[in-house]
1. Within segment 20-52, can you find the residues that are touching a Pro at 6+ places or on another chain (Cβ under 8 Å) and exposed (fewer than 11 other Cβ atoms within 10 Å of the Cβ)?
2. Give me the pairs: first residue in segment 26-49 and free of Cβ contacts under 8 Å to residues at least 12 places away in the same chain, second residue part of a helix (DSSP H, G or I), beta-carbon distance under 6 Å, and six or more apart or on different chains, which are they?
3. Of all residues in segment 1-19 being surrounded by fewer than 11 Cβ atoms within 10 Å (Cβ to Cβ) and of a type in the set (Val, Ile, Thr), which is farthest from Gly51 (Cα to Cα)?
4. What single numbered condition from (1) in contact with a helix residue (DSSP H, G or I) (Cβ under 6 Å, 6 or more places away or on another chain); (2) β-branched (Val, Ile, Thr); (3) assigned to a helix (DSSP H, G or I) fails to hold for Thr46?
5. If you go through segment 1-25 one residue at a time, how many are of a type in the set (Phe, Trp, Tyr) and either touching an Asp or Glu at 6+ places or on another chain (Cβ under 8 Å) or touching a residue at least 12 places away in the same chain (Cβ under 8 Å) (or both)?
6. Report the residue count in segment 27-43 for those that are part of a helix (DSSP H, G or I), more than 17 Å from Pro3 (Cα to Cα) and charged (D, E, K, R).
7. Of everything in segment 5-52, what is modelled with pLDDT of 95 or more and of a type in the set (Lys, Arg)? Give them in sequence order.
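The values are calculated or read from the model by the stated rules, or taken from the named source; none is laboratory data. Computed from a predicted structure; not experimentally measured. Glycine also receives a Cβ, built like all others from the backbone with ideal geometry; neighbour counts cover every protein chain displayed.
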Amino acid sequence: ATPTLLFFNLDGKLVARFTGPTKNKDEFLLLGRYVTEGAYASQPFTQYKQGK
């Protein structure tokens, strides 16, 4: 599916992947927070969204 958003750490290692379009701008911004907070290391994005 497209688009596929890939997030890399400062060392160039892939840390998170989101496949498909976000529903709206708020979900897109939430996805950015999910990555910057490091939540990808402990839970999937769908679970993270439910807690917000």
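1. The answer is Gly20, and nothing else.
2. Partner pairs satisfying both residue conditions: Ala39/Tyr48.
3. Thr2
4. (1)
5. Total meeting the criteria: 2.
6. Of the residues in that region, 1 qualify.
7. Answer for segment 5-52, where residues must be modelled with pLDDT of 95 or more and of a type in the set (Lys, Arg): Lys13, Arg17, Lys23, Lys25, Arg33, Lys49.
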